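First up is the structure itself, then whatever we jot down about it.
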Amino acid sequence: MDGATRRVGNPGGGIQSTLTPGMANAADLWQFCLHHYDKQEVKQACLKLQDEHQGNVNLALLLAWIESYGYGLAPESLTQLKHALSRSEHLLIAYRHLRRDLKPRVGSGQYKKMLNFELSLEKFQQQDLVDALNRQTWLTQAASPLAYYCRQLSPSARNLYTSLQVTPPAESDGSDHDDTV
């Protein structure tokens, strides 16, 4: 760990402006995920990663989060993060399948409760991931851990990287281009 705190302008929409190696917290990750997943392109890529490539959305979003601050991880650290999923992944997948199977048979109120319970399982999993992340060495000169993860899933999953990564806001050239009269 280099011990440096990274500041960036609006990663994922300005939810948090600093991230310090070894001091990540699940509440900040959750807020980042809510904002980042709200983008249609990201949501579609996450669902494709999960449903077509058996990837873990929480892991992918965590990797996008740290990458947005300029941090990376060694491949061994990614292995440790995947291991951290073992406590919750089977339960989460089974519950997701159950919720999807029951969708046509339950009312909207009941379905919303099921979605909310699934979100609580997602938060639980994110806490496990953050705990494992804080035990890893964070690198400042590393290849993209998110791109590496996508490539590990399948050759076609690597194409999801560009949709999943955090893109910085467009730089302004300083001039106003207001064409209104």
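The values are calculated or read from the model by the stated rules, or taken from the named source; none is laboratory data. From a predicted model like this one, the values you see are computed outputs, not experimental measurements. Using ideal geometry, Cβ is built from the backbone for each residue, glycine included, and neighbour counts are taken over all protein chains shown.
Collect the residues in the stretch 1-34 that are modelled with pLDDT of 50 or more and either part of a strand (DSSP E or B) or over 21 Å from Leu81 (Cβ atoms) (or both), keeping them in residue-number order. Quick ask: steps written out before the conclusion?
Narrowing the stretch 1-34 to residues modelled with pLDDT of 50 or more: 16-34.
Hits for the stretch 1-34 are Ser17, Thr18, Leu19.
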Residue list for the stretch 120-144, filter: within 25 Å of Ile93 (Cα to Cα) and either of a type in the set (Lys, Arg) or surrounded by fewer than 12 Cβ atoms within 10 Å (Cβ to Cβ) (or both): Ser120, Lys123
Tally, over the stretch 48-97, of residues that are loosely packed, with under 12 Cβ neighbours inside 10 Å and of a type in the set (A, V, I, L, M): 1
Test: residue in the stretch 87-110 that is under 20 Å from His36 (Cβ atoms) and within 17 Å of the chain's Cα centre (by Cα): yes
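Does Val181 count as out of contact with any Lys or Arg (no Cβ under 9 Å at 6 or more places or on another chain), at pLDDT 90 or above and outside any strand (DSSP E or B)? First the steps, then the outcome.
Details: out of contact with any Lys or Arg (no Cβ under 9 Å at 6 or more places or on another chain): yes; at pLDDT 90 or above: no; outside any strand (DSSP E or B): yes.
Taking the combined requirement at face value, the residue does not satisfy it.
Restricting attention to the stretch 50-76, report how many residues are over 18 Å from Asn25 (Cβ atoms), assigned to a helix (DSSP H, G or I) and not β-branched (Val, Ile, Thr). Before you say what the answer is, go through the steps one by one.
Keep residues of the stretch 50-76 that are over 18 Å from Asn25 (Cβ atoms), which gives 50-57, 60, 70, 72, 74-76.
Next cut, assigned to a helix (DSSP H, G or I) only: 50-53, 57, 60, 75-76.
Within this subset, residues satisfying the condition of being not β-branched (Val, Ile, Thr) are 50-53, 60, 75-76.
Result for the stretch 50-76: 7.
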Condition met for Gln125 (part of a helix (DSSP H, G or I), of a type in the set (S, T, N, Q) and under 27 Å from Leu19 (Cβ atoms)): yes
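Looking for something under 24 Å from Lys48 (Cβ atoms), modelled with pLDDT of 95 or more, of a type in the set (Asp, Glu) and exposed (fewer than 13 other Cβ atoms within 10 Å of the Cβ) - is there at least one such residue anywhere in the stretch 98-111? Please lay out each step first, then the result.
Going residue by residue through the stretch 98-111, those that are under 24 Å from Lys48 (Cβ atoms) are 98-104, 111.
In the following step, the residues that additionally are modelled with pLDDT of 95 or more were identified as 98-104, 111.
This time we only want the ones that are of a type in the set (Asp, Glu), so: 101.
Next, only the ones that are exposed (fewer than 13 other Cβ atoms within 10 Å of the Cβ) stay: 101.
Yes: the stretch 98-111 contains one or more residues that are under 24 Å from Lys48 (Cβ atoms), modelled with pLDDT of 95 or more, of a type in the set (Asp, Glu) and exposed (fewer than 13 other Cβ atoms within 10 Å of the Cβ).
Can you confirm whether the stretch 143-154 contains a residue that is closer than 28 Å to Pro21 by Cβ, touching a Ser or Thr at 6+ places or on another chain (Cβ under 7 Å) and modelled with pLDDT of 95 or more? Spell out the reasoning first.
First, the residues of the stretch 143-154 that are closer than 28 Å to Pro21 by Cβ: 143-153.
Next, only the ones that are touching a Ser or Thr at 6+ places or on another chain (Cβ under 7 Å) stay: none.
No - not one qualifying residue is present in the stretch 143-154.
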Pairs where the first residue, in the stretch 114-143, is farther than 20 Å from His83 by Cα and in contact (Cβ under 8 Å) with a residue 60 or more places away in the chain and the second is part of a loop (DSSP other than H, G, I, E, B) and not aliphatic (A, V, I, L, M), C-beta under 6 Å, 6+ apart: Thr140/Asp2
